[in-house]
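The values are calculated or read from the model by the stated rules, or taken from the named source; none is laboratory data. Only a predicted model underlies this, so the values are computations on that prediction, with no experimental measurement involved. Ideal geometry is used to build each Cβ from the backbone, glycine not excepted, and the neighbour counts take in all protein chains shown.
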Amino acid sequence: MTAEALRLLEAGEATWPPARRWTLGPWVLRVGQGGGKRVSAATVAEPGAVPEAAALAEAEAAMAEMRQAPLVMVRPGEAALDAMLERAGYDRLDPSVIWHAPIEQLTDRAVPRLSALTVWEPLQIMREIWAEHGVGPARQAVMERAPQPKTGLLARQNDHPAGTGFVCVADGVAMVHALVVVPRERRQGAAQWVMRGAAQWAAAQGAREIAAAATRDNAAAAGLYAALGMRQAGAYHYRIKPAEGR
């Protein structure tokens with residue numbers, strides 16, 4: 001499961017890329033430009049490695065220079081790294097799960113007409129829905145710099161825009177990001193049609209697999225992915241160093 005999860009995390013970064021990444025000793029550092037933890041967190045260059053304290057201090061200084069909090073993603077198989085960061089005073093946050101399925105798992109039904117429209121560049125209504133639900137300009141900029149093939153998805157339900165999402169394909173994996181359904185349209189199937197629409201579009205681009213990540217406390221996402229027959233490939237979380245004086 002660890003190798004599978006690491007492969008999907010790599011696809012996640014390829015489809016939701018940082019503004020810049022580079023190696024500093026045993027670390028891979030990222031510039032997120034406000035695009036969220038996934039594009040800002042450092043990782044160890046060699047999965048499972050545990051850097052020395054001096055190397056951690058050097059990485060912290062580099063992140064401070066970028067005006068980013070010291071933040072590390074802890075991936076599957078990195079329990080020793082996790083323990084080291086805890087000893088160094090880092091708090092644990094956002095435990096998350098990677099979900100995935102073969103692409104054909106979600107292409108077995110026709111998507112009702114107009115239920116999930118694929119469109120790139122995003123329409124203004126899509127940008128507004130994202131912004132209203134925490135996917136503001138900085139996160140939308142991540143979508144802009146993601147490579148092709150990619151598309152946005154606009155859900156329609158009850159003759160109204162019901163939600164939106166983003167999907168990008170890398171190495172045969174279609175990663176779904178920024179999936180949002182507006183409150184009044186929830187629990188009526190809109191999210192399932194967006195996922196199925198994403199899968200059908202991605203299959204046409206040659207994708208063999210569909211995947212998404214969600215925090216463990218996101219019960220709605222877990223219910224959606226489980227209902228679609230997706231399974232958990234692994235889990236990860238972040239460690240962040242609190243600001244001095246907290």
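Data for the structure
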{"read-out": "Residue count for segment 50-75, restricted to those that are surrounded by fewer than 16 Cβ atoms within 10 Å (Cβ to Cβ) and under 15 Å from residue 86 (Cα atoms)", "value": "3"}
{"read-out": "So residue 156, is it assigned by TED's automatic domain parsing to the domain that holds residue 125, at pLDDT below 95 and part of a helix (DSSP H, G or I)", "value": "no"}
{"read-out": "Residue check for residue 14: within 23 Å of residue 143 (Cα to Cα) and either in contact (Cβ under 8 Å) with a residue 12 or more places away in the chain or buried (at least 18 other Cβ atoms within 10 Å of the Cβ) (or both)", "value": "yes"}
{"read-out": "Test: residue in segment 189-202 that is among the polar types (S, T, N, Q), more than 25 Å from residue 104 (Cβ to Cβ) and modelled with pLDDT of 95 or more", "value": "no"}
{"read-out": "Verdict on residue 80 being exposed (fewer than 14 other Cβ atoms within 10 Å of the Cβ), more than 18 Å from residue 3 (Cβ to Cβ) and at pLDDT 95 or above", "value": "no"}
{"read-out": "Selection from segment 177-199 of residues that are surrounded by 17 or more Cβ atoms within 10 Å (Cβ to Cβ) and in a helix (DSSP H, G or I)", "value": "185, 190, 191, 192, 193, 194, 195, 196, 197, 198, 199"}
{"read-out": "Pick from segment 17-36, criterion surrounded by 18 or more Cβ atoms within 10 Å (Cβ to Cβ) and either modelled with pLDDT under 95 or outside any loop (DSSP other than H, G, I, E, B) (or both), ranking: farthest from the chain's Cα centre (by Cα)", "value": "27"}
{"read-out": "Residue 4 being under 30 Å from residue 191 (Cβ atoms), surrounded by fewer than 18 Cβ atoms within 10 Å (Cβ to Cβ) and in contact (Cβ under 8 Å) with a residue 24 or more places away in the chain", "value": "yes"}
{"read-out": "Total residues in segment 83-142, condition assigned to a loop (DSSP other than H, G, I, E, B), surrounded by 15 or more Cβ atoms within 10 Å (Cβ to Cβ) and of a type in the set (A, V, I, L, M)", "value": "4"}
{"read-out": "Given (1) modelled with pLDDT of 95 or more; (2) aliphatic (A, V, I, L, M); (3) not in a helix (DSSP H, G or I), number of the condition residue 222 does not satisfy", "value": "(3)"}
{"read-out": "Residues that are within 27 Å of residue 111 (Cα to Cα), surrounded by fewer than 17 Cβ atoms within 10 Å (Cβ to Cβ) and in contact with a helix residue (DSSP H, G or I) (Cβ under 8 Å, 6 or more places away or on another chain), drawn from segment 221-246", "value": "227, 229"}
{"read-out": "Residue that is out of contact with any strand residue (DSSP E or B) (no Cβ under 7 Å at 6 or more places or on another chain) and without any contact (Cβ under 8 Å) to a residue 60 or more places away in the chain, where the choices are 172, 152, 223", "value": "223"}
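Listed here are the residues, each with its yes/no results for (1) without any contact (Cβ under 8 Å) to a residue 40 or more places away in the chain; (2) in contact with a Gly (Cβ under 9 Å, 6 or more places away or on another chain).
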residue: 25; (1), (2): yes, no
residue: 34; (1), (2): no, yes
residue: 58; (1), (2): yes, yes
residue: 68; (1), (2): yes, yes
residue: 75; (1), (2): no, yes
residue: 78; (1), (2): yes, yes
